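Asker: Quick one: the structure is below, questions incoming.
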Amino acid sequence: MKTAVIFPGQGSQFSGMGRDFFETYPVAADIFTRADKVLGFPLSDLCFNGPQDQLNLTANTQPALLTVSAAIAAVFRDTTSVTPLFAAGHSLGEYTALWFAGSLDFESAVRLVRIRGEAMQNATPTGMGTMAALIGLNPDAIADVCKEAAQDQVLQAANFNSPGQIVISGHREAVERGILAAQKHGAKKGVILPVSAPFHSRLMEPAALRMKSELDRVTVLPPATAIVNNADARVLDGHPDSIRSSLVRQVISPVKWEQSLQYMANRGVELFVELGPGNILTNLVKRTIPQSMRVSIGTVEGLGEFIRNMASC
């Protein structure tokens, strides 16, 4: 069965995530221990015990999610015989996918996403920008909304999550105008998201420049598993410079998640396995590729169920 593994981004975090893997599997415990050492503070304790408000800080959320997802993926690799055709991740999850595929070593990946979180948080003054989810419009209508509501400010599509679910990002006033414009264009709903910055917009240029500087100093290897990237929704050619460029462009470009799922499905993927806390990506797969099989593995119990089901097939 052709399989893709997918890794979540911000929004999937919760206090207690990953603890059962840490307590059950030495390979997972090793991942958490290495993250604590690289970052110089007990990230594992933040994952297991919170507090939630500290876990939700972008600079903490990004390395926390990468670490938990990597711990789960390490156990998944050790306990199953699944050889995925593709790997992909939503926003910061792309770093987890690159680690899984062997392009980045774990220490580099967790350090990079810590820096990425700090850089994205600090790219704009607090309150200057925001994001909003718009429900019920297609990409062409979203483009019209952004053009109409920008008014010399930044406003652009930031996440193509699933059919009819698109996130816009930019200056706060432009996003608020965008919600009103979207309603005029027939949107079913428009909601400001509880985020601290206008991610995946041109306002993140300072963060993109910081990431370019950091990535230029990191060893990047060709991936052993094909990576479908966010910025282009296609397989990266595997050259280290292409991977670096993709990760830099990702900071200011929309996350083409719906298109990435379609790309993989069109190439035969039947099963999507989400490795990480929660099931946000699994739900997006359900909306985008309803005929697919999908499973989220975020707990030891969930992994055991997956292994039993695979054995019975």
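The values are calculated or read from the model by the stated rules, or taken from the named source; none is laboratory data. Source: prediction; values computed, not measured. Ideal geometry is used to build each Cβ from the backbone, glycine not excepted, and the neighbour counts take in all protein chains shown.
Condition check ((1) of a type outside the set (Lys, Arg); (2) modelled with pLDDT of 95 or more; (3) under 23 Å from THR79 (Cα atoms)) across all residues:
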site	(1), (2), (3)
GLY9	yes, yes, no
PHE14	yes, yes, no
ARG19	no, yes, yes
ILE31	yes, yes, yes
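Asker: State whether one or more residues within the stretch 44-54 are buried (at least 18 other Cβ atoms within 10 Å of the Cβ) and touching a Cys at 6+ places or on another chain (Cβ under 9 Å).
Answerer: No, the stretch 44-54 has no match at all.
Asker: For the stretch 136-156, which positions are assigned to a strand (DSSP E or B) and among the hydrophobic types (A, V, I, L, M, F, W, C)?
Answerer: LEU155
Asker: What single numbered condition from (1) over 30 Å from VAL154 (Cα atoms); (2) of a type in the set (A, V, I, L, M, F, W, C); (3) modelled with pLDDT under 95 fails to hold for LEU236?
Answerer: If we test LEU236 against (1) over 30 Å from VAL154 (Cα atoms); (2) of a type in the set (A, V, I, L, M, F, W, C); (3) modelled with pLDDT under 95, just (1) comes out false.
Asker: Give the stretch 145-182 a look and list any residue that's under 24 Å from ASP232 (Cα atoms), over 24 Å from the mean Cα position of the chain (by Cα) and surrounded by fewer than 16 Cβ atoms within 10 Å (Cβ to Cβ), or say none.
Answerer: Passing the criteria: only LYS147.
Asker: Please specify each residue of the stretch 13-38 satisfying the condition of being in contact with a Pro (Cβ under 8 Å, 6 or more places away or on another chain) and under 12 Å from GLU107 (Cβ atoms).
Answerer: Of everything in the stretch 13-38, those that are in contact with a Pro (Cβ under 8 Å, 6 or more places away or on another chain) and under 12 Å from GLU107 (Cβ atoms) turn out to be ALA35, ASP36.
Asker: Next question. Of the numbered conditions (1) within 21 Å of TRP257 (Cα to Cα); (2) buried (at least 22 other Cβ atoms within 10 Å of the Cβ); (3) touching a strand residue (DSSP E or B) at 6+ places or on another chain (Cβ under 6 Å); (4) not acidic (Asp, Glu), VAL191 fails exactly one; give the number of that condition.
Answerer: Every listed condition holds for VAL191 apart from (2).
Asker: Looking at the stretch 91-103, can you tell me whether even one residue there is β-branched (Val, Ile, Thr), closer than 25 Å to MET211 by Cα and touching a Gly at 6+ places or on another chain (Cβ under 8 Å)?
Answerer: yes
Asker: Return the residues of the stretch 6-23 that are surrounded by fewer than 15 Cβ atoms within 10 Å (Cβ to Cβ) and part of a helix (DSSP H, G or I); say none if nothing qualifies.
Answerer: Residue satisfying the conditions is GLU23 alone.
Residue-by-condition table, conditions (1) at positive phi; (2) within 14 Å of the chain's Cα centre (by Cα); (3) touching a residue at least 24 places away in the same chain (Cβ under 8 Å):
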| position | (1), (2), (3) |
| --- | --- |
| PRO198 | no, no, yes |
| MET204 | no, no, yes |
| VAL228 | no, yes, yes |
| ASP241 | no, no, no |
| TRP257 | no, yes, yes |
| SER296 | no, no, no |
| GLU305 | no, no, no |
| ASN309 | no, no, no |
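Asker: Has the stretch 225-233 got any residue that is of a type outside the set (S, T, N, Q), in a loop (DSSP other than H, G, I, E, B) and modelled with pLDDT under 95?
Answerer: No, the conditions are met nowhere in the stretch 225-233.
Asker: Something else about it: Within the stretch 47-73, which residues are over 16 Å from the mean Cα position of the chain (by Cα) and polar (S, T, N, Q)?
Answerer: ASN49, GLN52, GLN54
Asker: Select from the stretch 99-129 the residues that are buried (at least 24 other Cβ atoms within 10 Å of the Cβ) and touching a strand residue (DSSP E or B) at 6+ places or on another chain (Cβ under 6 Å) and list them in ascending order.
Answerer: Within the stretch 99-129, PHE100, GLY129 qualify.
Asker: LEU57 - would you say it is of a type in the set (A, V, I, L, M) and buried (at least 20 other Cβ atoms within 10 Å of the Cβ)?
Answerer: No.
Asker: Next question. Scan the stretch 236-258 residue by residue and report those that are under 16 Å from ALA224 (Cβ atoms) and small (Gly, Ala, Ser).
Answerer: GLY238, SER242
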